[in-house]
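FYI, it's all coordinate maths here, none of it is from the lab. Fair warning: this is a prediction, and the values are worked out from it, not measured in the lab. Cβ: placed from backbone, ideal geometry, glycine included. Neighbour counts: every protein chain shown.
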Amino acid sequence: MTSAQPILEWKNHFGSESITYLPGIRKFLLMTARLKESEKNLPYNVLIFYEADAITGPYRMVHYLRDWGPQAYFPNVPAKFVSADGKTMWLCVACNYSDKTAPNPFQCRYAASFHEIELQTP
């Protein structure tokens, strides 16, 4: 289909994304993780959160976590684990698939690691 367009683009950086609708604040939350594969592609791991009013965007970056969860990938917020007001939720992410260092944050490991997060909204 020639009319298909990306809803968000960052060349050579996206690859593990998910979107969750937060009805309490009427926003879509897009999460992406980018792994450090070499110094050439990215010298560190990142976990980034974007928000939008519509699933197709436009999206704006709202939080950037550098070196959060060694080798973090497939970040997602299961819709069942979002509070009614949309401000607290559980982030599910897997990490440390080959890293032997201590988990950071605590309990971030090669499994379905759940971390409670809270959005600070105006």
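A straight chain from E17 to A112 at 0.36 nm per residue would run longer than the Cα-Cα distance by 32.6 nm. Taking label points 7 Å from Cα along the Cα-to-Cβ direction, I25 and M61 give a separation of 1.8 nm. Using only side-chain charges placed at the Cβ, +1 for Lys and Arg and -1 for Asp and Glu, the dipole size of the chain relative to its Cα centre rounds to 80 debye.
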